[in-house]
Amino acid sequence: KPLVFSGVQPTGNLHLGNYLGAIRKFVALQDSHDCIYCVVDLHAITAQLVHEDLKHQTRSITAAFLASGIDPKSHIVFNQSRVPQHAELAWVFNCVARIGWMNRMTQFKDKAGKDRENASLGLLAYPSLMAADILVYRATHVPVGDDQKQHLELTRDIAQKFNIDFSNRIQQCGLDVAMTVGEEKIKGYFPLTEPLIDGPAPRVMSLRDGTKKMSKSDVSDLSRINLTDDADTISKKIRKAKTDPEPLPGDVAGLAERPEADNLVGIYAALSDRSKQDIIDEFGGQQFSAFKPALADLAIEVLSPVSVEMRRLLDDPGHIDAVLKDGGERASAIAEQTMRDVKSIIGLID
Ligand code: TYM
């Protein structure tokens, strides 16, 4: 089975974008793939060093994974910091990646803002740690939202440069693996990872502004639906969601210049595992006054059981910690082998 890896940062409340862009896909991949899902607590300290309760945040993301239907026995769920090989491989990748690559990352530019000199070195090196998260398991598939696309391209660049720069040593160590990339057959140690971004809601937009991504850091809580929102709050946020005055179009092409309408239809499609075309076939020509209540009902039906189960799980932090510990042990077994290989490739005495 192909190996899937993905991570979520324990910063702030999870919202519908995280759920549809990532977690719901994590759940769906479990039948066909071996999956490793990670709460990336070391990434959480790159933009903000001191957190009020990082432990609670980490448990809360873990609870969201479990409540959404991730099975931590058949797959692996753990927190990043307990497998030290992530940070160890990230150091090697810091020496593989070029400063110019990092400077071009749009997320770095956004998060660092105008005062770039004052951003943490960790924020600049963030994508290198992300590449290490994935490649320390030599994962081949990574489900993420559209905003992580550039980071995954960089992950491929790092894997490729490592494979090329060390190609002789990889061969001498007998560690070269044949792989097919597109049509091409190549050999190397690290796979060139495929992002899994498709689906009807790869980029869930703010409910207040269809041109801005739904985000944990938006000052307006009305801009997002949090996984922990109750039914009344979800209804209210959808009722107040910005829309244009036209009814829904008769075909998907009619959504092109209408970001708010496109966003709501995409959300409906993703929540119901249907295509946007399907939703337009059902609701095309109808007013938002009819579509929004249907969307609110659907969102409540899907999200309420998740938030109820999250709360139940969070009542027993001991259980969550045991899941993370068990997952961490199984993850370590894979990561330790990779680091042994990497050390012998580089020539570090082990
Ligand atoms: P993070 O914690 O910001 O977000 C977690 C996941 O949610 C997706 N997402 C969205 N998808 C659709 N619409 C949105 N509005 C939206 N907002 C967030 C993100 O794309 C992500 O999939 N760098 C990563 C965490 C990470 C990681 C990794 C991911 C660290 N190491 C290795 C994959 C593999 C991040 O900050 O995600």
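Cut-off 10 angstrom, C-alpha nodes, Gaussian network model of the chain. Which of Ala112, Ala290, Ala159 fluctuates the most? Maximum fluctuation in the GNM of the chain, among the listed residues, is at Ala290. Measuring between alpha carbons in the structure, the pairs from Lys213/Lys242; Lys109/Lys161; Lys149/Lys213; Lys109/Lys240; Lys242/Lys292; Lys111/Lys216 lying more than 21 angstrom apart are Lys109/Lys161; Lys109/Lys240.
Counting only DSSP beta bridges with both residues in the chain, the antiparallel share comes to about 35 percent.
Please give me, ordered by residue number, the GluC sites (Glu not before Pro) of the stretch 243-327 that lie in loop per DSSP and have at most 10 other Cβ atoms within 10 Å. Within the stretch 243-327, the qualifying GluC sites (Glu not before Pro) (loop, at most 10 other Cβ atoms within 10 Å) are Glu257. Here the Gaussian network model covers the chain, with springs between Cα atoms less than 10 Å apart; of Ala256, Ala97, Ala64, Ala256 fluctuates the most. For the chain, adding -39500 (n - 2.57) for each run of n ≥ 4 DSSP H residues and dividing by the number of residues yields -16000 deg cm²/dmol at 222 nm. Distance from the alpha carbon centroid of the stretch 183-253 to that of the stretch 270-349 works out to 14 angstrom.
Scanning the chain for trypsin sites (Lys or Arg not before Pro) in DSSP loops with at most 14 other Cβ atoms within 10 Å, what's the longest stretch left with none? Let's see the in-between values first.
Details: sites that count: Lys73, Arg98, Arg104, Lys114, Lys212, Lys216, Arg274.
Free of exposed loop sites, the longest segment is 115-211.
The convex hull defined by the C-alpha atoms of the chain has an orientation-averaged projected area of 18.8 nm². With all protein chains kept in place, the per residue accessible area of the stretch 221-313 amounts to 46 square angstrom at a probe of 1.4 angstrom.
Of all aspartates and glutamates in the structure, the ones whose alpha carbon falls short of 16 Å from that of Lys185, not counting any fewer than 8 places away in one chain, are Asp176, Glu194. GNM on the chain, alpha-carbon springs under 10 angstrom: the most fluctuating residue among Ile61, Ile186, Ile238 is Ile186. Seen from Ser304, the other residues with C-beta closer than 13 Å to its C-beta sum to a net charge of -4, counting Lys and Arg as +1 and Asp and Glu as -1. Note on the stretch 221-313: with neighbouring protein chains present and a 1.4 Å probe, carbon and sulfur make up 49 percent of its accessible heavy-atom surface. Restricting the GluC sites (Glu not before Pro) of the stretch 116-204 to loop positions (DSSP other than H, G, I, E, B) with no more than 11 neighbouring Cβ atoms within 10 Å leaves Glu183. When the alpha-carbon atoms of the stretch 221-313 are used, the pair Rg, Dmax equals 13.6, 43 angstrom.
The values are calculated or read from the model by the stated rules, or taken from the named source; none is laboratory data. Note that the coordinates shown come from a computational prediction; the quantities given were computed from them, not determined experimentally. We place every Cβ from the backbone using ideal geometry, glycine too, and count neighbours over all the protein chains shown. Surface areas here come from the heavy atoms of the whole protein model, side chains and all, with no ligands, DNA or RNA. Shrake-Rupley method; radii C 1.70, N 1.55, O 1.52, S 1.80 Å.
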